[in-house]
Amino acid sequence: MKNVLILILLIVSSCKTKEKIQESQADTGKKSVMLYKGACYGTCSSYKFSLKNDGSFIYIGEAYVKKLGKHSGKLTEEETAFIFKKLNKLDWNKYPEEYPIDNYDFPQFTLEYNSDKMSKKIQGNSNAAKEILEFNAFIDSLLNDLKMEKTE
């Protein structure tokens, strides 16, 4: 009886391991995201942030940011997975490529997402979909705490 229980536990755990391997193999395609935030008539932060699915990133601070100039760094595997999971939850087909500019005093943004399955570029400002604006705000807050090295 004891051997049967051990055998059942081994089978169940090997199935879960296979599921995790299949999930990670399905997610090994090339992915990247780029967020460009442009200037406004006030003190809006202006920067470009590009992230690859291996966690490497390039950040270029242009104005009203903590770090000016070109920087690079690498996120942990967990942080990277979290960001791309957020991106994968978005319904990219419902977003137009360009939102009408509702106020030229607000900063403009460009968000590009690329994966094996799709490529999408969205431009807009405060008139964009709520989820897109929330993602932009998430990246804004993330950049305040990221460790990075100046490259130029």
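The values are calculated or read from the model by the stated rules, or taken from the named source; none is laboratory data. Predicted, not measured: the structure shown is a model, and the values here were computed from it. As a convention, Cβ positions derive from the backbone with ideal geometry for all residues, glycine included, and neighbour counts pool all protein chains shown. Heavy atoms of the whole protein, side chains included, go into the accessibility calculation; ligands, DNA and RNA do not. Shrake-Rupley method; radii C 1.70, N 1.55, O 1.52, S 1.80 Å.
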Single residue of the stretch 102-117 satisfying the filter (open to solvent by 50 Å² or more (accessible area, probe 1.4 Å) and either among the acidic types (Asp, Glu) or more than 15 Å from TYR36 (Cβ to Cβ) (or both)) that is modelled with the highest pLDDT: GLU112
Within the stretch 69-82, which residues are of a type outside the set (Gly, Ala, Ser), more than 20 Å from THR110 (Cβ to Cβ) and open to solvent by 40 Å² or more (accessible area, probe 1.4 Å)? LYS74, THR76, GLU77, GLU78, GLU79, PHE82
Which members of the stretch 39-65 meet the condition of being part of a loop (DSSP other than H, G, I, E, B) and closer than 16 Å to PHE138 by Cα? CYS44, SER45, VAL65
For the stretch 130-142, which residues satisfy the criterion of being open to solvent by less than 20 Å² (accessible area, probe 1.4 Å) and hydrophobic (A, V, I, L, M, F, W, C)? ILE132, PHE135, ILE139
Restricting the search to the stretch 102-135, which residues are in contact with an Asp or Glu (Cβ under 9 Å, 6 or more places away or on another chain) and within 16 Å of SER50 (Cα to Cα)? SER119, LYS120, LYS121, ILE122, GLN123
Hey, can you tell me all the residues within the stretch 83-101 that are open to solvent by 70 Å² or more (accessible area, probe 1.4 Å) and closer than 21 Å to LYS48 by Cβ? LYS86, GLU97, GLU98
